[in-house]
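**Student:** Below is a structure I'd like to ask you about.
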Amino acid sequence: MSGPDAPADRVRRAAVRIAALAQDGLTYAAGDPGKDYDAARYRELTELAADLLAAVSTSPREVLRAVLDADTGYATPKVDVRAGVLDASERFLLLRERSDGLWSLPGGWADPGERPGPAAEREVLEETGWPVEAVKVVGVWEREVRGKQPPMPVSVFHLYFLCRVTGERVAPSELETLDVGWFGLEELPELSERRINRWELERLLAHHRDPTLPTEWD
């Protein structure tokens, strides 16, 4: 059995929630000597959450534990922005990721203090060299609901923007990008399914064809 009701996925969701509760507890117990006992129990819950995640994941426990440690303060979903840029032939602007050699829409984590639209525009320029303008929020989708693989030990919201090219291309950053290209929906290269999937591309294309469609969300 696979899908959101599969036992392994239910365990993963429970572990993510346990880790978030432990993180919140540690946040409010910090600096209060009277809550040392509570803090010890919250740290133990974090270890248990890491054990559960490791039991249902292909990622090593130390990697999962490091992800949990990297997030501090009150636990909230992480925000990922993605940009759908299409040309006159309805081809998508895609980049080949250096991390896994697969193809994705331009995008990444939004930086603190950065507005979502400009974040998407920045990602496109840095990763592909194309200057763009965000013109519409197409969807606000939760990574788990969209079936991204592999699962992550934290909750992630994806903000998908439809963007248009505003100028000539410049040299992209060489840190993350191996290649850049334009691809139609029926000629897609192998996608980095941890980042995007075909369903999301189909929704971006639908909004490109009909800008009056309302924004979608989970």
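The values are calculated or read from the model by the stated rules, or taken from the named source; none is laboratory data. Please read these numbers as outputs of a predicted model, since none were measured by experiment. Cβ sites come from the backbone with ideal geometry, for glycine too, and all protein chains shown count toward neighbours.
**Student:** Looking only at the range 130-159, count every residue that is at pLDDT 95 or above and not hydrophobic (A, V, I, L, M, F, W, C) and tell me the total.
**Tutor:** 5
**Student:** May I pose another question? Among the listed residues Gly117, Gly84, identify the single one that is closer than 23 Å to Leu178 by Cα and either crowded, with 19+ Cβ neighbours inside 10 Å or modelled with pLDDT of 95 or more (or both). Can you show your working first?
**Tutor:** Details: Gly117 fails: closer than 23 Å to Leu178 by Cα.
Just a single option satisfies the conditions, and that option is Gly84.
**Student:** Oh, and also: All but one of (1) in a helix (DSSP H, G or I); (2) in contact with a Pro (Cβ under 8 Å, 6 or more places away or on another chain); (3) among the β-branched types (Val, Ile, Thr) hold for Val63; which doesn't?
**Tutor:** Every condition holds for Val63 apart from (2).
**Student:** Does Arg169 fit the bill of being surrounded by fewer than 12 Cβ atoms within 10 Å (Cβ to Cβ) and assigned by TED's automatic domain parsing to the domain that holds Trp130?
**Tutor:** It is false that Arg169 is surrounded by fewer than 12 Cβ atoms within 10 Å (Cβ to Cβ) and assigned by TED's automatic domain parsing to the domain that holds Trp130.
**Student:** I need the full set of residues from the range 179-213 which are assigned to a helix (DSSP H, G or I) and surrounded by fewer than 14 Cβ atoms within 10 Å (Cβ to Cβ), in order please.
**Tutor:** If the condition is that a residue be assigned to a helix (DSSP H, G or I) and surrounded by fewer than 14 Cβ atoms within 10 Å (Cβ to Cβ), then Glu186, Glu187, Arg198, Trp199, Glu202, Ala206, Arg209 are the ones that fit.
**Student:** Same structure, new question: Considering each of Val81, Val63 in turn, give the residue that is out of contact with any Leu (no Cβ under 6 Å at 6 or more places or on another chain) and β-branched (Val, Ile, Thr).
**Tutor:** Only one candidate qualifies: Val63.
**Student:** Now for a separate question. Check Glu176 against each of (1) more than 16 Å from Arg82 (Cα to Cα); (2) of a type outside the set (Val, Ile, Thr); (3) surrounded by 14 or more Cβ atoms within 10 Å (Cβ to Cβ) and name the one condition it does not meet.
**Tutor:** Tallying (1) more than 16 Å from Arg82 (Cα to Cα); (2) of a type outside the set (Val, Ile, Thr); (3) surrounded by 14 or more Cβ atoms within 10 Å (Cβ to Cβ), Glu176 fails exactly one: (1).
**Student:** Within the range 169-186, track down each residue that is touching a residue at least 24 places away in the same chain (Cβ under 8 Å) and among the charged types (D, E, K, R). If you could, list the steps in order and put the result at the bottom.
**Tutor:** To start, the set of residues in the range 169-186 that are touching a residue at least 24 places away in the same chain (Cβ under 8 Å) comprises 169-173, 175-185.
If the condition is that a residue be touching a residue at least 24 places away in the same chain (Cβ under 8 Å) and among the charged types (D, E, K, R), then Arg169, Glu176, Asp179 are the ones that fit.
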